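Each value in this text was obtained by applying a stated rule to the coordinates, not by laboratory testing. All values derive from a computational prediction rather than experimental measurement. Cβ placement follows ideal geometry from the backbone for every residue including glycine, while neighbour counts extend to all protein chains displayed.
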Amino acid sequence: MGFFVEKSLIESLLATTPSKRPVVLLRSSAMTAVRIAAKRQAPSEICGVVRAVVQNEGIEIRSLALAPNCARDTVWGFRLRRKDAEARKNTWLTEHGRLSGIFHSHTKRSAQPSRLDMVTMRRWPGIHLIAALDGPFRVFLSHDRIVEADIRVI
Ligand SMILES: [Zn+2]
């Protein structure tokens, strides 16, 4: 039952047309905090877990929690510890109206997803936020496909 509700929720979030993309609400203070953490850690990428709630106006990001980057080469990639990734996955599947996901930074390029990022998005359904050091952030929703969301800073 929980899974059924969650699956239809995901489908409605991904039901989009080129003119109308899903909206993700992000506090400017959270954005600033991620940018400061990303700059502090550069040139290594930072990563962590996103928690969000579905509202009428869009998907509101409630928290961005840093987690260790366990990639072998942290300058060109990131990897969450298995326990962080799995805690995230369980939330996605079981809690109605609550979504989770992954964020990471790009320190040497824009927030354009890399080929590896696309693989990660397919593997881990949910919200994926990419934080560039300077340019705009980008957010994607993934399930059986990947859709870019518009970020509304609040
Ligand atoms: Zn990336």
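Quick rundown of the values:
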{"read-out": "Ranked list, fewest to most other Cβ atoms within 10 Å of each Cβ, for 86, 60", "value": "86, 60"}
{"read-out": "Cα centroid separation - the range 65-82 against the range 102-134, whole Å", "value": "12 Å"}
{"read-out": "Fewest-first sequence of 103, 140 by Cβ atoms within 10 Å of each Cβ", "value": "140, 103"}
